[in-house]
Amino acid sequence: MSTASAPAASSRNGNRTLIPWKKAWAEAGHPQNFVTKRPYTGINTWLLAPLDYAQNYFLSFKQ
C-alpha cells in the first residue's frame with residue numbers, strides 16, 4: 001500500500017472518519033469501583049475500559 005492510498009484506507013464510522021494512527025477513544029482513566037475508588041484489575045480492565053464513558057466508575061448489583 002502506498003502513502004497516497006492511506007486516506008482511502010481509513011475506515012468510516014458514522015459521521016466521523018477514523019484515521020488508523022490517531023487515538024479514537026476518550027481518556028477517562030483506569031476503570032475503578034465507585035464506592036471504594038479501588039482500580040479494577042485483570043479481565044475487568046479489558047472489559048470496562050473500551051466502553052467510552054466520560055468517567056470510569058462502576059458499581060455491581062450488590063453495592
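Counting charges near SER60 (Lys, Arg +1; Asp, Glu -1) among other residues having Cβ under 15 Å from its Cβ returns a value of +3. Summarising the label geometry, the points placed 7 Å from Cα in the beta-carbon direction at TRP21 and TRP46 lie 2.8 nm from one another.
Here, each number is a calculation from the coordinates, and none is a lab measurement. Just so you know, these numbers come straight off a predicted model, no measurement behind them. In this analysis, Cβ positions are derived from the backbone assuming ideal geometry, glycine residues included, and neighbour counts consider all displayed protein chains.
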